[in-house]
Amino acid sequence: MPRVVITGAGTVNALGHSVAETYEAMREGRCGIGELSFQDVERLTIRIGGQVRGFEEEGRYNRQQLGLYDRFTQFTLAAAKEAIDQSGLTFSGELSARSGVILGTAGGGVNTWDQNYRLVYEDGKNRVHPFVVPKLMNNAAASHVSMEWNLKGPSFTVATACASSNHAMAQAFQMVRSGMAPTMVTGGSESMLCFGGVKAWESLRVMSKDACRPFSANRNGMVQGEGAGVFVFEEMEHAKRRGADILAEIVGFGMSSDAGDIVMPSKSGAARAMSGALEDAKINPEMVGYINAHGTGTAANDKTECSAVADVFGPHADKLMLSSTKSMHGHLIGGTGAVELLACIMALRDGVIAPTIGYEESDPECALDVVPNTARDANVDVVLSNAFAFGGMNAVLALRKF
């Protein structure tokens with residue numbers, strides 16, 4: 001069976017506009033969460049988030065493009081360029097015909113929805129821009145990536161709330177491993193940080209007003225972020241033949257459905273997804289050194305995830321490192337797994353474990369090594385990346401040092 005490796009990575013998020021900037025912030029334990037800035041923010045109860053600062057859209061895209069690119073698409077295109085440039089690939093001929101794009105997003109063009117509802121309902125306009133629909137549709141980012149880089153193979157968007165990116169990357173992995181495609185561009189993006197986007201989340205009463213503190217006993221909720229993470233997945237022999245720089249190997253994935261509650265997580269569902277990833281990768285639990293946790297900072301998620309890890313790994317759970325980078329960049333909802341995969345690559349390639357910042361008080365129900373507040377140097381060979389979504393949709397990726 002073909003092996004699948006990562007040969008390119010790109011990102012835009014609250015920690016940085018590139019992979020290098022993001023790694024530097026993760027190593028330093030720097031927080032990208034701050035005061036939100038957009039129209040009508042003063043009408044919100046929640047006014048903090050992992051907002052991308054200094055991303056000048058006018059300098060990146062022309063007027064015609066901006067008429068088609070919602071903010072989530074803009075982030076995706078910037079991240080995809082970095083990833084594809086790093087990979088060194090040029091898509092033409094058969095490679096173009098067989099390579100595709102699978103991206104995750106939960107909301108798609110939320111900023112476009114927000115802006116145009118405002119025009120119609122608040123400003124009383126009777127017309128909106130003719131490209132509102134192609135701008136807001138969930139597959140817009142994937143479509144524009146395919147057009148920009150001549151990717152004519154299997155291309156689509158996955159929407160499974162907070163697990164969207166991991167589900168998307170799992171499908172891309174499966175396509176390369178099955179021989180359907182030699183390379184796939186994959187990852188995810190999200191931008192819900194606008195009045196309507198945050199107002200909807202406020203009503204769930206799961207949001208923190210001051211900070212994201214996963215696994216800390218005094219945590220009080222999640223914090224939203226925005227941005228994108230994009231990767232090039234490639235068949236290993238194809239990558240080696242052309243002398244590509246291989247960042248890490250994807251070795252397995254596991255997926256499950258809680259089939260229980262629309263918002264409350266299930267320990268058994270999370271455990272089955274992690275066990276499935278280990279089984280698919282044909283690795284023993286004792287081989288895993290680090291888990292990038294879903295770690296939202298809500299009591300329900302944190303306790304459930306820690307309990308599931310203890311069930312799956314048994315005595316080895318006490319030797320694992322488990323951290324949540326959402327404490328730094330916020331929860332990117334459908335794009336979060338893609339940005340978090342960067343922490344997994346950093347752990348494997350650079351031997352640096354990203355910390356869980358904001359950790360202040362130990363919680364006996366989260367009694368694992370959560371790498372509190374400070375990054376750690378460690379040699380790990382296998383890592384997991386967890387994503388557990390509303391609706392009980394769980395997706396876990398397993399990576400190995402190459």
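Bear in mind these aren't lab numbers, they're just calculated from the coordinates by the rules spelled out. Note that this is a predicted model, so its numbers are computed, not measured. We place every Cβ from the backbone using ideal geometry, glycine too, and count neighbours over all the protein chains shown.
Please identify the DSSP H helices in the chain that span no less than 18 Å along the helix axis (Cα) and have a mean Kyte-Doolittle hydropathy of 0.5 or more. Mind dumping the intermediate values first?
Numbers: long enough: 71-87 (24 Å, -0.21); 164-178 (21 Å, -0.29); 267-281 (21 Å, -0.21); 299-313 (21 Å, 0.10); 336-350 (21 Å, 1.15).
Taking the DSSP H segments of the chain (at least 18 Å long, mean hydropathy at least 0.5), we get 336-350.
Look at 331, 144 and count the other Cβ atoms within 10 Å of each Cβ; fewest to most, that gives 144, 331. Modelled this way, with points 7 Å down the Cα-to-C-beta line, the labels at residue 318 and residue 379 are 2.4 nm from one another.
Would you order 329, 17 from fewest to most other beta-carbon atoms within 10 Å of each residue's own beta-carbon?
Lowest to highest Cβ neighbour count: 17, 329.
Computed on the Cα trace of region 4-241, the radius of gyration divided by the Kirkwood hydrodynamic radius gives Rg/Rh = 0.99.
When a footprinting reagent is the concern and you count Cβ atoms within 10 Å, what order do 61, 359, 121, 290 take, fewest first? The partial results should precede the final answer.
Values: 61 17, 359 24, 121 9, 290 27.
Sorted ascending by nearby Cβ count, the order is 121, 61, 359, 290.
Here is the list for region 19-56: chymotrypsin sites (Phe, Trp or Tyr not before Pro) lying in DSSP coil, each with at most 15 other C-beta atoms within 10 angstrom of its C-beta, are 38.
Placing unit charges on the Cβ atoms of the charged side chains and taking the dipole of the chain about its Cα centre, the candidate lying farthest along the positive direction among 389, 214, 298 is 389. The modelled label-to-label distance for the pair residue 178/residue 241, using points 7 Å beyond Cα in the direction of Cβ, is 2.2 nm. Using alpha-carbon positions, what is the distance between the centroids of region 106-169 and region 333-402, in Å? Between the Cα centre of region 106-169 and that of region 333-402, the gap is 28 Å.
A dipole drawn for the chain from +1 and -1 charges on Cβ atoms has a positive end, and of 176, 276, 223 the residue lying farthest that way is 176.
Rounded to 0.05, the FRET efficiency of the residue 85 and residue 41 pair, given R0 = 25 Å and the Cβ-Cβ distance, is 0.10.
Pairs of Cα atoms under 8 Å, at least six residues apart: use those to get the relative contact order of the chain, whole percent. Over the chain, the number comes to 24 percent. Rounded to two decimals, the Cα radius of gyration of region 1-133 over 2.2 N^0.38 Å is 1.30.
Think of each Lys and Arg Cβ as +1 and each Asp and Glu Cβ as -1; about the Cα centre, that makes the dipole of the chain roughly 740 debye. Computed extension gain for residue 28 through residue 362, at 0.36 nm per residue and net of the alpha carbon distance, reaches 118.1 nm. Note on region 251-400: Kirkwood radius taken over Cα pairs, Stokes-Einstein applied at 20 °C and 1.002 mPa s, translational D equal to 144 µm² s⁻¹.
Our summary of shape: the Cα atoms of region 292-342 have principal axis extents of 32, 23, 16 Å, ordered from largest down, in whole angstrom.
Per residue and in Å³, how big is the convex hull formed by the alpha-carbon atoms of the chain? Walk me through the numbers before you get to the answer.
Working: hull volume 50.3 nm³, N = 402.
Hull volume normalised by residue count: 125 Å³.
Pairs over the 30 Å Cα-Cα cut-off, from the set 152/199; 267/319; 81/282; 326/401; 81/135; 209/267: 152/199; 81/282.
Approximating the spin labels as points 7 Å out from Cα along Cα→Cβ, the residue 131-to-residue 205 distance works out to 4.3 nm. Of all the options 379, 292, 116, the one that moves most in a Gaussian network model of the chain with Cα springs shorter than 10 angstrom is 116.
Expressed in nm to one decimal, what extension gain is obtained for the pair residue 150 and residue 217 from 0.36 nm per residue of sequence separation less their Cα-Cα distance?
Numbers: separation 67, 0.36 × 67 = 24.12 nm, distance 4.91 nm.
Value of the extension gain: 19.2 nm.
Calculated on the alpha-carbon coordinates, the convex hull of region 336-390 measures out at 108 cubic angstrom per residue.
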